[in-house]
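The values are calculated or read from the model by the stated rules, or taken from the named source; none is laboratory data. As the structure is a prediction and not an experimental result, all values here were calculated from the model. With ideal geometry, Cβ positions are generated from the backbone for all residues, glycine too; neighbour counts draw on all protein chains shown. What goes into the accessible areas is simple: the full protein's heavy atoms, side chains included, and nothing from ligands, DNA or RNA. Shrake-Rupley method; radii C 1.70, N 1.55, O 1.52, S 1.80 Å.
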Amino acid sequence: MALLEVEHLYKNFGGVIAIQDFNFFINPGEIKGIIGPNGAGKTTIFNVITGVYEADAGQITFDGKEITKYEQYKRTLVGIGRTFQNIRLFKGLNVLENVQCAFDPVAKYSVAESFLPLPRRIKAEKENRKKSELFLKMVGLEKYKDQKPENMAYGLQRRLEIARALACQPKLIMLDEPAAGLNPTEVVDITHLIKSLADELGLAVMLIE
């Protein structure tokens, strides 16, 4: 059974057809790409699958569950992580804190506890910090954990986005043009990184190129 299966997907914006009868599937551990010219609807496909936009027609099934009507955060919780075409990092936070933010939706303490340094919150934050450091190590950013992302090279910022997506503990990671803006050496490096993550973690990887 496919991990993700998209059937007869449609999305219109007014009179403009952005997606027309799109079908796609990917299995655990596979790497698949969507290739096409600018304006072909590739990012719109990502946005519909991840719940940024609602599909006008069609069905999306993930890990045996139909998620076509799921809200965006619920799709993250079932195991879909993503990055964006334009880098979206929190400039007021350092590298480690950017990754730790991904754990907020699955925090193991209440809203009230988030305002108080109680034992359960302290324990959870320690665990999340340790996991975040591990994800930074996976993408080669462990030595940058205390830096601000805006002070880092563009290629390193791309890696940071991937680390943050990994912190959502996805079964499928969707990368929107991960090599955009990179020089040839950085393209080779990030290609090797994506391949190694798929192999080591058993992730399905869906790419836009």
Worksheet item: Failed condition for THR76, given (1) touching a Leu at 6+ places or on another chain (Cβ under 8 Å); (2) open to solvent by 30 Å² or more (accessible area, probe 1.4 Å); (3) of a type in the set (Ser, Thr, Tyr), with all others met?
Response: (1)
Practice prompt. Report, ordered by the first and then the second residue, all pairs with beta carbons closer than 7 Å, sequence separation of six or more or different chains, a first member in segment 73-86 that is farther than 8 Å from ILE173 by Cβ and assigned to a helix (DSSP H, G or I), and a second member that is of a type in the set (Ser, Thr, Tyr) and open to solvent by less than 40 Å² (accessible area, probe 1.4 Å).
Written response: ARG75/THR50
Worksheet item: In segment 1-35, what residues are under 25 Å from LYS171 (Cβ atoms) and in a loop (DSSP other than H, G, I, E, B)?
Response: MET1, ALA2, LEU3, ASN27, PRO28, GLY29, GLU30, ILE35
Item to complete: Read through the list (1) surrounded by 15 or more Cβ atoms within 10 Å (Cβ to Cβ); (2) over 14 Å from ALA204 (Cα atoms), then give the number of the only condition that ALA57 fails.
Response: (1)
Discussion item. If I filter segment 164-172 for residues that are modelled with pLDDT of 95 or more and on the phi < 0 side of the Ramachandran plot, do I get at least one hit?
Written reply: yes
Worksheet item: within 24 Å of GLU161 (Cα to Cα), basic (Lys, Arg) and part of a loop (DSSP other than H, G, I, E, B): does that describe LYS91?
Response: yes
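Is it the case that some residue within segment 94-110 is outside any helix (DSSP H, G or I) and at pLDDT 90 or above?
The answer is yes, given that some residue of segment 94-110 is outside any helix (DSSP H, G or I) and at pLDDT 90 or above.
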Fill in: Flag for LYS131 being farther than 30 Å from LEU4 by Cα, modelled with pLDDT of 80 or more and either open to solvent by 70 Å² or more (accessible area, probe 1.4 Å) or not hydrophobic (A, V, I, L, M, F, W, C) (or both)
no
Worksheet item: Just checking, how many residues over segment 141-190 are open to solvent by 60 Å² or more (accessible area, probe 1.4 Å) and part of a helix (DSSP H, G or I)?
Response: 9
Discussion item. For segment 22-50: of the residues being of a type in the set (A, V, I, L, M) and open to solvent by less than 50 Å² (accessible area, probe 1.4 Å), which is farthest from THR76 (Cα to Cα)?
Written reply: ILE34
Worksheet entry | Test: LYS65 is closer than 25 Å to MET1 by Cα and either within 15 Å of the chain's Cα centre (by Cα) or open to solvent by 20 Å² or more (accessible area, probe 1.4 Å) (or both) | yes
Discussion item. Can you report the number of residues in segment 22-51 which are under 19 Å from LYS65 (Cα atoms), modelled with pLDDT under 95 and among the hydrophobic types (A, V, I, L, M, F, W, C)?
Written reply: 0
